[in-house]
Amino acid sequence: MAIGDPFIMGINYWPRKKAMYWWEDFDATEVREEFSQIAALGLTHVRFFLLWESFQPTPDRVSIRSLRDLRTVCDIAAELKLKLQPTFFTGHMSGPNWAPPWMISKNPVQAGQRPVVGLHRQIAYPKQIFNVYTEPFLIAAEDLLLGTVCGELKDHPAVWAWSLGNEPDLFCKPPDAATGKQWVADRVATIKAADPNHPALIGLHTASIDYDIGLRVDHIAEVTDISVMHGYSIYHPLARKPLDPDYVPFTCALTAALAGRPILYEEFGVNTQSPNGPSFWTQLPMEDGSELRTFFSSEEEAAEYYAGVLPRLQRIGALGAFCWCFPDYDPKLWDRPPCDRYVHERFFGLWRSDGTLKPMGKVVADFIKTRPTIRAAEKAVELPVSADVFYRDPGKYNRGMYEEFGMM
């Protein structure tokens with residue numbers, strides 16, 4: 001991917017009526033209908049997730065049924081000329097963490113541990129999981145899953161790239177940055193042994209530029225093929241307002257400065273109010289008795305936000321952007337994780353739960369019609385110190401760099 005190449009326009013996908021439960025109740029007709037909607041809008045790439053519990057029911061076995069259904073997904077995508085990015089070790093998703101039963105340890109629950117849920121455990125409960133970066137039996141299981149899936153689909157025309165996870169620090173943190181880098185390097189090597197022809201990456205989010213969480217952007221850039229970032233102005237105190245159109249481009253530029261290369265912006269978006277109404281803040285009660293302050297946008301303001309972010313990402317030199325996400329979820333899912341507690345997760349879609357397109361989906365379609373290409377960055381972030389010094393206290397530098405970055 002180079003200057004002048006097409007600016008990648010993609011979307012993050014869960015089925016509207018199945019969400020995280022789709023592999024357990026797979027329906028090829030449903031996938032074909034929804035992939036057809038995605039292709040008709042002009043989107044070319046789809047990032048989707050291999051829920052760990054569905055694909056690896058035991059540490060030493062990959063589900064033949066899920067592998068077969070994955071191939072069907074790839075076949076449908078190829079027919080529609082969509083390119084796919086399967087994401088392993090999911091893991092963290094939309095609030096809670098999803099873990100196979102065999103991953104639960106008897107260790108004490110750490111402070112701040114996210115709820116652990118599963119396909120057949122409808123009530124979230126606090127449990128600790130084995131460390132995915134250091135536990136030998138888990139590493140062997142990871143390599144089995146990578147080798148099996150990548151080997152099976154290495155020649156499939158729909159495969160574009162392989163991802164090692166979604167915001168993996170929220171699922172489990174490495175004990176230190178050296179361990180995090182080595183784990184990524186080793187898992188990339190496993191992918192390359194099975195499939196040397198497709199790029200490998202991992203879905204970092206803004207925690208990796210806000211803290212040293214054991215997955216430093218500069219380290220991970222050294223051992224992956226593409227650097228990515230996820231960012232949401234509605235969640236971050238650095239944003240100047242909930243729908244700050246410059247926050248995502250700034251985090252893209254900061255990530256590029258740390259990685260030493262252009263960035264694929266793999267997640268951005270905003271949840272809307274349903275039914276549509278004025279934007280507002282509210283408090284959502286969490287299982288542990290705390291409250292989560294959450295923003296709900298009007299559909300019109302969400303569209304304005306998308307119209308601001310997409311051209312800014314192009315102008316900042318990004319390789320592309322993946323919207324979060326395809327659907328608002330069917331109300332029949334609202335009493336199941338993640339929609340039961342994390343109410344805002346119901347409404348992030350470009351499409352509503354009835355299948356109709358929101359105004360921000362129209363913004364995406366209009367942007368695609370301009371045939372955007374990758375550009376040289378109009379503006380850059382310059383680190384005031386070395387990466388090693390930066391990662392001692394990123395918060396010490398980020399606000400000043402954002403103020404200097406200004407507005408695009």
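The values are calculated or read from the model by the stated rules, or taken from the named source; none is laboratory data. Quick caveat, the model's predicted, so the values are computed rather than measured. Don't worry about glycine lacking a Cβ; one is built from the backbone with ideal geometry, like all the others, and counts go over all protein chains shown. For accessibility, only protein heavy atoms count, side chains too; no ligands or nucleic acids. Shrake-Rupley method; radii C 1.70, N 1.55, O 1.52, S 1.80 Å.
Assorted remarks:
- Within segment 335-364, restricting attention to residues that are open to solvent by 10 Å² or more (accessible area, probe 1.4 Å) and of a type in the set (A, V, I, L, M), the residue that is nearest to the chain's Cα centre (by Cα) is VAL343.
- Of all residues in segment 127-162, those satisfying the criterion of being within 19 Å of PRO196 (Cβ to Cβ) and outside any helix (DSSP H, G or I) are LYS154, ASP155, HIS156, PRO157, ALA158, VAL159, TRP160, ALA161, TRP162.
- Tally, over segment 193-208, of residues that are closer than 12 Å to TRP162 by Cβ and β-branched (Val, Ile, Thr): 1
- Applying the criterion of being of a type in the set (S, T, N, Q) and part of a helix (DSSP H, G or I) to the residues of segment 163-206, the residue that is most open to solvent (accessible area, probe 1.4 Å) is GLN182.
- A count restricted to segment 187-225 and to residues that are touching a residue at least 12 places away in the same chain (Cβ under 8 Å), charged (D, E, K, R) and farther than 20 Å from ILE263 by Cβ stands at 2.
- The condition of being open to solvent by 10 Å² or more (accessible area, probe 1.4 Å) and either modelled with pLDDT of 90 or more or β-branched (Val, Ile, Thr) (or both) does not hold for LEU138.
- Among the numbered conditions (1) basic (Lys, Arg); (2) at pLDDT below 95; (3) over 27 Å from SER227 (Cα atoms), the only one that ARG65 does not meet is (2).
- Segment 1-39 - residue that is of a type in the set (D, E, K, R) and over 20 Å from THR356 (Cβ atoms) and, of those, most open to solvent (accessible area, probe 1.4 Å): ASP25
- The residues of segment 366-408 that are surrounded by 15 or more Cβ atoms within 10 Å (Cβ to Cβ) and assigned to a helix (DSSP H, G or I), listed by number, are PHE367, ILE368, ALA387, PHE390, TYR397, ASN398, MET401, TYR402, PHE405.
- Pairing each residue of segment 356-385 that is over 23 Å from ALA256 (Cα atoms) with any residue that is crowded, with 18+ Cβ neighbours inside 10 Å and of a type in the set (Lys, Arg), provided the two are 6+ apart or on different chains, yields C-beta distances under 9 Å for LYS358/ARG352.
- Filter result (touching a Phe, Trp or Tyr at 6+ places or on another chain (Cβ under 7 Å), in a helix (DSSP H, G or I) and either at pLDDT below 95 or of a type in the set (Phe, Trp, Tyr) (or both)) within segment 24-52: TRP52
- Among the conditions (1) touching a Ser or Thr at 6+ places or on another chain (Cβ under 7 Å); (2) assigned to a strand (DSSP E or B); (3) loosely packed, with under 13 Cβ neighbours inside 10 Å, ARG293 misses just one, which is (1).
- For LEU238, the requirement of being more than 24 Å from GLN113 (Cβ to Cβ), of a type in the set (A, V, I, L, M), over 18 Å from the mean Cα position of the chain (by Cα) and not in a helix (DSSP H, G or I) is met.
- Selection of first residues in segment 226-248 that are at negative phi and of second residues that are open to solvent by 20 Å² or more (accessible area, probe 1.4 Å) and among the basic types (Lys, Arg), restricted to Cβ pairs under 7 Å at least 6 apart or on distinct chains, gives the following pairs, ordered by first then second residue: SER227/ARG261; LEU238/ARG399; PRO245/ARG312; ASP246/ARG312.
- Test: residue in segment 298-318 that is in a strand (DSSP E or B), over 27 Å from ASP212 (Cα atoms) and either open to solvent by less than 10 Å² (accessible area, probe 1.4 Å) or touching a residue at least 12 places away in the same chain (Cβ under 8 Å) (or both): no
- Residue in segment 109-121 that is open to solvent by 40 Å² or more (accessible area, probe 1.4 Å) and in a strand (DSSP E or B) present: yes
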